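Chemist: Input: one structure, supplied below.
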Amino acid sequence: MVHRQVDLARFQSESSLVTPAYGAREVAQPVPKYEIPSTGLSSELAYDLVRDELILDGNSRLNLATFVTTWMEDRARQLMADSFDKNMIDKDEYPQTAEIELRCVNILARLWNSGEREEAIGCSTIGSSEAAMLAGMALKWNWRKRRQAAGKSADKPNLVMGINVQVCWEKFCRYWEVEPRFVPMASDRFCLTAEEAISRVDENTIGVVVILGSTFDGRYENVLEVNDALQQLNQRTGWETPIHVDAASGGFVAPFLQPDLEWDFRVPLVKSINTSGHKFGLVYPGVGWIVWRSPADLPQELVFHCNYLGGDLPNFALNFSRPGNQVIAQYYNFVRLGREGYRRIHQNCHDVALYLSGELAKSGAFRLISDGSDIPVFAFTTADHVNFSVFDMSDKLREHGWLVPAYTFPKNCEDLAVLRVVCKEGFTRDMADMLLRDIRAATEFFSATPTHQPKTQGSSFSH
Ligand SMILES: *Cc1c(COP(=O)(O)O)cnc(C)c1O
């Protein structure tokens with residue numbers, strides 16, 4: 001954490017020392033928290049010490065806030081442990097790991113209907129955020145080249161997207177000096193529409209980002225509609241504004257659950273797609289993917305060729321060293337699960353999401369914002385007549401270990417505060433019933449406490 005305010009006194013006081021519970025048996029000296037100790041501990045003691053500190057973290061299996069994988073089977077864990085030592089960047093030293101990355105890129109490109117082109121263009125990343133940076137740079141470089149070729153200025157790029165984008169797109173715009181043009185929400189609309197997007201596109205637009213699986217409510221934006229409107233605009237104006245699809249979640253869901261939905265390379269203006277392998281790709285964090293439609297969509301100036309690891313290896317990434325084992329685990333999932341396995345797992349998450357959202361709607365205490373029928377993620381708010389807020393419910397559920405985030409919507413909809421549930425593999429129908437039981441108990445608790453004042457904001461969760 002970069003800006004966490006710390007009380008300086010804590011660095012000098014007794015509280016700057018850790019005293020292991022097992023200390024009496026082995027160590028005489030307390031261990032400093034904020035300095036490297038002068039001598040070390042035995043591996044057993046160090047293990048116990050760190051593991052015990054981590055007990056205070058939430059239980060990842062009860063974390064319904066995160067989209068990120070919290071369970072993998074033992075064989076996958078074994079394979080990951082076997083390959084912890086492989087650095088993804090050492091492609092010349094670990095050619096088979098590099099080959100596996102290449103296979104994954106090709107598998108995804110074909111899963112996203114890139115057609116039968118020989119070799120897919122793309123790479124692994126540390127997550128969708130890095131993938132978004134790479135995608136955004138490609139959009140910006142290509143736009144600049146078009147502008148320069150036409151003898152026009154290229155100093156005011158903008159990117160059009162819904163206000164519901166994940167924070168990585170705001171980061172992209174700030175870090176790479178691109179003006180963000182957000183389509184605001186309306187009281188009854190939480191996603192981008194084609195009309196609203198097109199009205200913000202001009203000659204300086206490097207691209208339109210369409211989200212497959214909105215962070216706020218799990219809904220898909222309509223890629224095909226944006227494509228059709230943008231194609232007409234491009235025809236009329238001579239611009240070549242492309243679409244990037246942020247399929248961080250949906251890229252691993254739609255191909256299995258909604259195979260007829262056209263959102264991917266079947267849609268002509270979609271030039272690049274990112275996804276998070278560590279979300280519905282079912283790998284532990286962190287691995288993401290980015291694939292471009294064709295070589296022309298990835299400007300060659302962005303690709304570096306290094307020779308100091310031996311060989312001449314093209315590289316487009318923000319970081320240099322990165323674990324190879326998540327890429328290996330992604331490939332394991334592909335061969336282990338196949339299309340049928342992915343479909344079954346996601347169908348199960350879908351069923352749990354629809355069951356849970358249906359029960360909550362039936363309870364009368366809540367109103368659904370979405371029901372989990374796109375990606376298995378839904379958001380809901382409290383009904384008007386109840387005397388508790390979503391923040392109260394989030395706090396109450398924490399008492400039982402459940403991590404269910406409560407947050408307000410962006411500009412124009414700030415008055416809407418919701419709870420969100422991400423149904424992942426490992427969140428079973430049984431667990432959904434336990435959650436329902438705890439939600440009902442909390443609802444009863446508040447209705448039995450008529451003096452309760454609803455809390456209007458909460459502790460922050462990241463999304
Ligand atoms: C999670 C998410 C991201 C960021 O992905 P990371 O893999 O966590 O970096 C970007 N966009 C959307 C839509 C997301 O859901």
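The values are calculated or read from the model by the stated rules, or taken from the named source; none is laboratory data. From a predicted model like this one, the values you see are computed outputs, not experimental measurements. Virtual Cβ from ideal backbone geometry, glycine too; neighbours counted across all protein chains shown. Heads up: the accessible areas ignore ligands, DNA and RNA and are worked out on the full protein's heavy atoms, side chains in. Shrake-Rupley method; radii C 1.70, N 1.55, O 1.52, S 1.80 Å.
Chemist: How large is the accessible surface per residue of the stretch 343-447, computed with a 1.4 Å probe and reported in Å² as a whole number? Let's see the in-between values first.
Modeler: Details: 4290 Å² over 105 residues.
Ligands and nucleic acids excluded, the figure is 41 Å² per residue.
Chemist: Shifting gears a bit: Roughly to the nearest percent, how much of the accessible area of the stretch 343-447 is carbon and sulfur, given a 1.4 Å probe?
Modeler: Numbers: 2050 of 4290 Å².
On the stretch 343-447, the fraction of accessible area on carbon and sulfur atoms equals 48 percent.
Chemist: For F84 and E44, FRET efficiency with R0 = 30 Å and r from the beta-carbon atoms, rounded to 0.05?
Modeler: Working: r = 20 Å, r/R0 = 0.67.
According to the calculation, E is roughly 0.90.
Chemist: How large is ³J(HN,Hα), in whole Hz, for each residue of the stretch 432-437 in order, when computed from phi with the Karplus curve 6.51 cos²θ - 1.76 cosθ + 1.60 and θ = phi - 60°, using x for Gly and Pro?
Modeler: 4, 5, 5, 5, 4, 4
Chemist: To continue, here is another question. Could you pull the Rg and Dmax for the stretch 77-333, using just the Cα atoms, both in Å?
Modeler: Both quantities, over Cα of the stretch 77-333: 18.0, 57 Å.
Chemist: Counting Lys and Arg as +1 and Asp and Glu as -1, what is the net charge of the other residues whose Cβ lies under 15 Å from the Cβ of A441?
Modeler: -3
Chemist: Decide, for the stretch 343-447, between rounded, prolate and oblate: order the square roots of the alpha carbon gyration tensor eigenvalues as a ≥ b ≥ c, take rounded if a/c falls under 1.5, and otherwise choose prolate if a/b is larger than b/c, else oblate.
Modeler: On the way: a/c = 1.79, a/b = 1.30, b/c = 1.38.
Oblate is the answer for the stretch 343-447, as a/c is 1.5 or above yet b/c matches or exceeds a/b.
Chemist: Leaving out ligands and nucleic acids, and using a 1.4 Å probe, what accessible area per residue does the stretch 77-333 come to in Å²?
Modeler: Details: 10510 Å² over 257 residues.
Spelled out: the 1.4 Å probe surface of the stretch 77-333, per residue, equals 41 Å².
Chemist: List the residues, sorted by chain then number, that are 5 or more residues from V270 or on another chain and whose placed amide H is less than 5 Å from its amide H.
Modeler: Hits under the 5 Å cutoff: I243.
Chemist: Computed FRET efficiency, Cβ-Cβ of S294 and T449, R0 60 Å: what is it to the nearest 0.05? List each step's numbers first, then the result.
Modeler: Working: r = 61 Å, r/R0 = 1.02.
Computed FRET efficiency for S294 and T449: 0.45.
Chemist: Same structure again: Where does the charge balance sit around L337 when Lys and Arg score +1, Asp and Glu -1, over other residues with C-beta under 14 Å from its C-beta? Before the final figure, lay out the partial values.
Modeler: Working: positive: R75, R336, R339, R343, R344; negative: E73, E340, E425.
Result for the local shell: +2.
Chemist: As a check on your grasp of the helix formula, calculate [θ] at 222 nm for the chain: sum -39500 (n - 2.57) over DSSP H runs of n ≥ 4, divide by the residue count, round to the nearest 500. Present the calculation step by step, with values, prior to reporting the outcome.
Modeler: Working: 12 runs with 164 residues, N = 463.
Helix contribution divided over all residues of the chain: -11500 deg cm²/dmol.
Chemist: Sticking with this structure for a sec: Apply the Karplus parameterisation 6.51 cos²θ - 1.76 cosθ + 1.60, with θ equal to phi minus 60°, to every residue of the stretch 118-127 and state each ³J(HN,Hα) to the nearest whole Hz, in sequence, with x for glycine and proline.
Modeler: Each residue of the stretch 118-127 in turn: 4, 10, 6, 9, x, 7, 7, 9, 7, x Hz.
Chemist: Quick one: if the Förster radius is 25 Å, what FRET efficiency do A186 and R236 give, using the C-beta to C-beta distance and rounding to 0.05? Can you show the working numbers first?
Modeler: On the way: r = 26 Å, r/R0 = 1.05.
E(calc), rounded to 0.05, equals 0.45.
Chemist: In the stretch 194-317, how does Rg compare with the Kirkwood Rh, expressed as the Rg/Rh ratio over alpha carbon atoms?
Modeler: Answer for the stretch 194-317: 1.03.
Chemist: In whole angstrom, how far apart do the alpha carbon centroids of the stretch 310-388 and the stretch 265-306 sit?
Modeler: Here the two parts' Cα centres lie 19 Å apart.
Chemist: Here's a follow-up. Classify the stretch 259-378 from the C-alpha gyration tensor, please: rounded if a/c falls under 1.5, else prolate or oblate depending on whether a/b exceeds b/c. Write down the numbers at each step before the final one.
Modeler: On the way: a/c = 2.62, a/b = 2.01, b/c = 1.30.
Prolate.
Chemist: Here's another thing I want to ask about it. With no solvent and one point per C-alpha, what does the Debye sum give as log10 I(q)/I(0) for the stretch 57-132 at q = 0.14, 0.22, 0.24 Å⁻¹?
Modeler: Results for the stretch 57-132 at q = 0.14, 0.22, 0.24 Å⁻¹ read -0.68, -1.19, -1.21.
Chemist: By DSSP, what percent of the beta bridges with both residues in the chain are antiparallel, rounded to the nearest 5? Numbers along the way, then the final one.
Modeler: Values: 28 of 45 bridges.
Taking every DSSP beta bridge with both residues in the chain, the antiparallel ones total about 60 percent.
Chemist: Counting pairs of alpha carbon atoms under 8 Å apart in space and at least six apart in sequence, what relative contact order in percent does the stretch 343-447 give? Don't skip to the answer; put the middle values down first.
Modeler: Details: 150 pairs, mean separation 29.7, N = 105.
Dividing the mean separation by the residue count of the stretch 343-447 yields 28 percent.
Chemist: Starting from the Cα gyration tensor of the chain, multiply each eigenvalue by 5, take the square root, and state the resulting semi-axes largest first in whole Å.
Modeler: Values: eigenvalues 278, 204, 103 Å².
For the chain, the semi-axes come out at 37, 32, 23 Å.
Chemist: While we're looking at this one, here's another question. Once the piece of chain linking D52 and Q258 is laid out straight, how much longer is it, given 0.36 nm per residue of separation minus the C-alpha distance between them?
Modeler: On the way: separation 206, 0.36 × 206 = 74.16 nm, distance 4.34 nm.
Net length gain for the segment: 69.8 nm.
Chemist: Next question. Local charge sum around S373 (other residues, Cβ-Cβ under 12 Å, Lys/Arg +1, Asp/Glu -1)?
Modeler: Values: positive: R219; negative: D217, D351, D371, D374.
Residues near S373 contribute -3 overall.
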